[in-house]
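Taken together, the values in this text are just the output of simple stated rules run on the coordinates, not laboratory data. Every value quoted in this text rests on a predicted model; they were computed, and no experiment measured them. All Cβ positions, even for glycine, are placed from backbone atoms using ideal geometry, and neighbour counts span all protein chains on display.
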Amino acid sequence: MSYSKEITVSKSGVPKIALVALAAVFVFGLFVVGYDQGHLFSVVFGEQAFADLYIHELTHDMRHAAGFPCH
Amino acid sequence: MKTSLFIAIVLLSGFSAGVIHGLLNLFMVEPFLDTAIGIENKNMFATGEAADTPDFWVEYYSYRAWQKGGQILAGAILGTSVGSLFGVVLAYSRNVLPGNNFVKKTLALALIMWITVYVIPFVKYPANPPTVGDPETIVLRQTLYLAFIAISGFAAVGFYQLYKRIDKKLLAFIGYGAFMTAMFFVMPGNPDPITAPEDLISGFRISSVITVSVFWLAAGLILGVLWQKFNPDKIKQTTPQ
Ligand SMILES: [Zn+2]
């Protein structure tokens, strides 16, 4: 016989996969909003994106508002 | 720990707090950005770089509408990003944070991270509205800001290690304060002179601090409530009888 019950195990630490996934989200998001100057879309659209700075314009106001250096 | 549940509530809370941040910015920060960009426009007309024509304003308003709409999207992206860091730090510190429920723990951590990775870097490198920054110094300013956030964040982790090992806990706080004060004077300041009007700068900074602070409060509160409700630490255990 066996029975199931719910117990709480709170060992400090994070599963590796969660750590990697969340660290990636952190770096990616910080780069896009705080630092990107049009590099990201250039992968898709080529050099033209550098001139248009799509992401930069879209994240521009938040960059100022959140305290990141800008223009 | 239920890994996917943990990731899901971390992302959801960061995303939600970020959207709140973006929405709040539309009301609180955008008026200052409009004023600052208005000054830039005047300067461009004065130097002949742009002409004060109906065409200019049509293009200007569609461009600004695009930028303002981006507040929400950028808020969601930044919120999810910062929320992810928050979730990782929470996972490592959840058993030592004060409080008998998760809302208290997440609010305590939000307060600590708000001070170490936002308030202290802000004191050294305060936010500026458009027209202040010199494009020539952008890489330097970005490097300095990120470096100061990293220094403050890692110093907090380091002095926490000390805190755990010593009896006089206060010394760890004094140590962190002394170290950051030293770094404050060691690190070079923002090289750009501020030529914009004083009340524009201060109004912008106050609004910016308020909305970022609301973000941290919301991020802590939402993750605390979600953790309390769904508890990723709860696992089914099958015990043989
Ligand atoms: Zn700017």
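Can you give the FRET efficiency to the nearest 0.05 for A:THR8 and B:ARG165, using r as the Cβ-Cβ distance and R₀ = 30 Å?
Calculated value: 0.60.
Pop the C-beta distance of B:ALA51 and B:ILE206 into the FRET formula with R0 = 35 Å and round what comes out to the nearest 0.05. Don't jump to the answer; show the numbers that get you there.
Working: r = 35 Å, r/R0 = 0.99.
With a Förster radius of 35 Å, E is 0.50.
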Practice problem: In a Gaussian network model over chain B where Cα atoms closer than 10 Å are linked, find which of B:LYS124, B:LYS68, B:LYS42 has the largest mean-square fluctuation. | Solution: B:LYS42
Quiz item: Got the relative contact order for chain B handy, in percent, Cα pairs under 8 Å and 6 or more residues apart?
Solution: 39
Quiz item: When A:ARG63, B:ARG64 are ordered from fewest to most other Cβ atoms inside 10 Å of their Cβ, what list results?
Solution: B:ARG64, A:ARG63
Practice problem: Considering the options B:PHE56, B:GLN67, B:ALA46, tell which one lies farthest towards the positive end of the dipole of segment B:31-70, charges being +1 on Lys and Arg and -1 on Asp and Glu at the Cβ, about the Cα centre. | Solution: B:GLN67
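Only counting other Cβ atoms within 10 Å, I'd like B:MET180, A:MET62 sorted with the fewest neighbours first.
Working: B:MET180 20, A:MET62 28.
If I rank by nearby Cβ atoms, fewest first, I get B:MET180, A:MET62.
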Quiz item: Taking the Cβ of A:HIS71 as the center, what net charge do the other residues with Cβ under 13 Å away carry, scoring Lys and Arg +1 and Asp and Glu -1?
Solution: -4
Quiz prompt | For chain B, size of Cβ-based charge dipole, Lys and Arg +1, Asp and Glu -1, in debye | solution = 1880
Quiz prompt | Lys, Arg +1 and Asp, Glu -1 on Cβ, resulting dipole of the protein assembly as shown about Cα centre, debye, nearest 20 | solution = 2460
Quiz prompt | Nitroxide proxy distance, nm - points 7 Å out along Cα→Cβ at B:PHE179 and A:ALA24 | solution = 3.1
Quiz prompt | At 0.692 mPa s and 37 °C, Stokes D of the protein assembly as shown from Kirkwood alpha-carbon radius, µm² per second | solution = 155
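Return the FRET efficiency for the residue pair A:GLU57, B:ALA8: r is the Cβ-Cβ distance, R0 is 22 Å, and the value is rounded to the nearest 0.05.
On the way: r = 31 Å, r/R0 = 1.41.
Once rounded, the FRET efficiency stands at 0.10.
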